[in-house]
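The values are calculated or read from the model by the stated rules, or taken from the named source; none is laboratory data. Being a predicted model, the structure only gives us computed values, none of them experimental. Here the Cβ positions follow ideal geometry from the backbone for every residue, glycine too, while neighbour counts run over all protein chains shown.
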Amino acid sequence: MSMATGKNKKESAGKVSIDQLRELLNKKSGREVSFDLQEDNPTEVNDWISTGSRWLDSIICRGKLAGIPVGKVTELAGLEGSGKSYMAAQIAANAQKMGIDVIYFDSESAIDPEFLTKAGCDISKVLYTQAESVEFVLESIEDLLKNNQNRMLFIWDSMALTPSKTDLEGDFDPQSSMAVKPRILAKGLSKLIQPIANSQSTLLILNQLKTNLQVQNIKYATDSERYTTPGGKALSYSYSLRVWLTGRKAKDSYVIDERGYKIGSEVKARLEKSRFGTAGRECLFKIMWGGSVGVLDNESIFEAIKPFIKQMGAWYELDVAGTPKKFQQSGWEELMSKDEAFKKSVLDIMDREVIVKFDTREGDAKNYYNIEGEEAEENLN
């Protein structure tokens, strides 16, 4: 008998280039899922939405001025009255300036149109939607991603107070729907992460910080140990950035005007998680909500650079275009608003000391991780 012919012989696969393999996988999927990492791809963050605080923007990504990462999921969690919604409004206004559509899911039915306008939003271009259930929010995001080619910013305010369908249809016994919402969120976020990245859209989830009752000695606990967030542990894996807002330890967190009225909140922002090499960094700023709405940015910039400029009693000295300029803190706002050369010198210092030196590990680490210093620790203890 003759040997088997060539057609019965098993053929071996030939060499295939990376480009051909990429094309094969994209054809198999029916959409673009395989990318050249040397070109544009959904793993990279190429754009950022400013938070309204230049100090916070400066600590989010190692080596650059950043903000909320476009194409990713971010959590902004805080204690009650810490300014989560106010910051979200500021972020929405900045997104609109970049041509990004804003979709605002509100579970609290508490957003005031005038408040959004004061924050700088064009409310005629904000798609406001009541967050009637967790499933509704997740399904709506999925549908909008499929039907809108423009970049979108989804703000979910707040995830903690959004019920599941089981909650809406059931009774008031918490045991009857235990762990339902975390399971829904785990499934929903795992479905949405890739479409959000591929469309260069952004999901900003507002959440609550709650006291962790499992901590034995909360007085000496760190913020990471002291607080927890609702929604289940799976959520933390989907976040590229987690910003936690708390009050300052050394003083009352309210901003009081000269007549004793509360007009804002002074908060500490801590990066609880960051995929950009900056986890654990902290900054301080004031959020105004009594009258004007927004971050007192110039004032927080002064706090950021104060350790790096010369101080002589009540006077400070700064080099402006090669000339020493003396000033007092009371004149800071006017100088920042009216003297462009002064402002440029200030921002150069901030970029060098807060961004570059952290990236190159030249600065003192306590200026980045423990901004309230030892005094705050003593007050805590």
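Out of R259, R270, one residue alone is surrounded by 14 or more Cβ atoms within 10 Å (Cβ to Cβ) and either free of Cβ contacts under 8 Å to residues at least 24 places away in the same chain or under 15 Å from the mean Cα position of the chain (by Cα) (or both). It is R270. Elements of the type helices (runs of 4 or more DSSP H) sitting completely within segment 35-137 and holding at least 3 residues that are of a type in the set (A, V, I, L, M, F, W, C) and within 12 Å of the chain's Cα centre (by Cα): these cover 54-60, 84-97. Examine segment 335-348 for a residue that is acidic (D, E), in a helix (DSSP H, G or I) and at pLDDT below 85, and state whether such a residue exists. Checked segment 335-348: no residue is acidic (D, E), in a helix (DSSP H, G or I) and at pLDDT below 85.
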